[in-house]
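Scroll down for the structure; my scribbles are underneath it.
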Amino acid sequence: MAKLITSLFVASDEQTMRRVKMHDDPHAFARLVARWEKPIQRLCTRMTGDPHRAEDLTQTAFARVFARRASWEPSGRFSTFLWRIALNLCYDDLRQTRRRGECPLDGFDEEGNAGGEPFVAEELSPHAQADARERGGFVRDALLRLPSPYREVVVLRHYEALKFHEIAEVLDIPEGTVKSRMAEALTQLSRLLKHLSDDKPNEDKTCNHKKQTLELRAAL
Amino acid sequence: MQSQETNTRTAGGALKHPDATEWMAFLYAELAPARRCEMERHLAHCADCSAQMQTWRASSRILNEWRLPAIRRSPSIVRAASRPWWPALKWAMAAALVLVLGFALGRQTSPHGAELAALRTSVAQLADAMQQERDASLSNAVSVATAAANSEAGRLLSEYARVEAEGRSAHQQAMAAGMRNFEARLARLRAELETVALNTETGFEQTHENLTRLVSFSTPPEKSK
């Protein structure tokens, strides 16, 4: 209810973007950035696995939105336009990384952590924090191992909670294809993360983690 | 796996295995409630589908273990957003600088006399061109006005001729009527004159006769006294 009342007084993304397009309104653009910066940065982090690169990609994405404001069609959703731009930037970044001969996991330390470690709740005990960080690192590594068409669907549906039909619109593919890719992605992840599903508390997880990281690097 | 099978009911009424796309809609709660109930019932009775769903649910649950820290707002984006005119202004300033430098350099390197002569020539050419254009436009206007005046004069003359002819014919008719009237009056006058002449002749004869008589009159002799 509160959301509905708020929506009556707050301009929609499309109305705000129209102001940006027609009048180059800097305040309107700042409002769009404030609304969408976090989702876009999360998307870029999940797609590249690196929060620092994600920060740069997010800035580039918004700069590109502003530069291409004239090509935005008011009949379409602003979010679709923005997700597409951000995803394309992520692909460009991944391609460049691959061209340089770098492995997406090269930036990670032995614990599987990139510049920014997987976030864990501070209220956990140190042991539990280490455990959670380790498991988060595994999930990130497994996601990076997924082919991009599967990874983007997982990120948009599971983490950013877009509906399947919205993802289909962003990727410009049939909704059935999106669902099939999601099913295939979950199947591959279950294989990649089997050791996490078979949770064995007494196992030496540090050794296990190192072993898994080495396996991933060998596979990439 | 049963993923490619259809999700329609069989002839016997038993539910066929839903396909993977439908299970994804089920997993992420994007199904209509009625269909969801059907699939839950199917899940309760189908070991294969139940095992598959368990695998997918486990993967989905594990995905939640990669959590991201709170995202800081990037100040540079806000700056860029609040100054969208800055790149354009930068280019405009650069262009202005280049223009000013180019002008100054041109002033320094080119001789003033030649510049002035060129300026004069161009001004004279401009004046000639303006004069020609003005003459051309004037002659054009004059010819147009002459043509208009000619046509107007022709129209007025013909109108005048028509009115004149009408007036003349009316005048002739009036003259004829007057002449007829005059002739009638003249005839009457002649008749009267003839009458007067006759009367006068008669009077003359009487007068002559009277005179004759008067002349021949002699005083009668006086009778004896």
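Ignoring ligands, DNA and RNA, how much accessible area is buried between chains A and B, both sides summed, with a 1.4 Å probe, to the nearest 100 Å²?
3500
Near A:L57, within a Cβ-to-Cβ distance under 12 Å, what is the net charge of the other residues, with Lys and Arg +1 and Asp and Glu -1?
It works out to a net charge of -2.
If you place +1 on the Cβ of every Lys and Arg and -1 on the Cβ of every Asp and Glu, how big does the dipole about the Cα centre of the stretch B:119-190 come out, in debye to the nearest 20?
Using only the charged Cβ atoms, the result is roughly 760 debye.
Please give the Cα centre distance for the stretch B:182-203 versus the stretch B:31-59, rounded to the nearest Å.
151
List, in the order given, every pair from A:K163/B:K90; A:K21/B:K90; A:K21/A:K179 whose Cα-Cα distance in the structure shown is over 31 Å.
Table pairs above 31 Å Cα-Cα are A:K163/B:K90; A:K21/A:K179.
Return an integer: the convex hull volume of the alpha-carbon atoms of the stretch A:52-94, in Å³ per residue.
With only Cα atoms used, the stretch A:52-94 gives 57 Å³ per residue.
Quick one: net charge of A:S180's neighbours, Cβ under 13 Å, K/R +1, D/E -1?
With Lys, Arg at +1 and Asp, Glu at -1, the net is -1.
Please state the shape class of the stretch B:14-54: rounded when a/c is under 1.5, otherwise prolate if a/b exceeds b/c and oblate if not, all from the C-alpha gyration tensor.
Oblate, because a/c is 1.5 or more while a/b does not exceed b/c.
If you average the C-alpha positions of the stretch A:143-189 and of the stretch B:125-176 separately, how far apart do those two centres end up, in angstrom?
Computed from Cα coordinates, the inter-centre distance equals 88 Å.
Give me the residues in the stretch A:150-188 whose solvent-accessible area, probe 1.4 Å, is reduced by at least 40 Å² once all protein chains are included instead of the chain isolated.
A:R157, A:H158, A:F164, A:K179, A:A183, A:L186
Express the carbon and sulfur contribution to the solvent-accessible surface of the stretch B:145-213 as a percent, rounded to the nearest whole number, probe 1.4 angstrom.
62
Which net charge results when you count Lys and Arg as +1 and Asp and Glu as -1 among the other residues whose beta-carbon is under 12 Å from that of B:S59?
Surrounding charge for B:S59 is +2.
Among A:H27, A:S12, A:I40, flag the residue with its Cα farthest along the positive direction of the charge dipole of the stretch A:7-47, charges on Cβ as +1 for Lys/Arg and -1 for Asp/Glu.
Projecting each Cα onto the dipole axis, the largest value belongs to A:I40.
The values are calculated or read from the model by the stated rules, or taken from the named source; none is laboratory data. What you see is a predicted model, and the numbers here were worked out from it, not measured in a lab. All Cβ positions, glycine included, derive from the backbone under ideal geometry; neighbour counts span all protein chains shown. When the accessible area is computed, the model is the full protein with side chains, heavy atoms only, and any ligands, DNA or RNA have been set aside. Shrake-Rupley method; radii C 1.70, N 1.55, O 1.52, S 1.80 Å.
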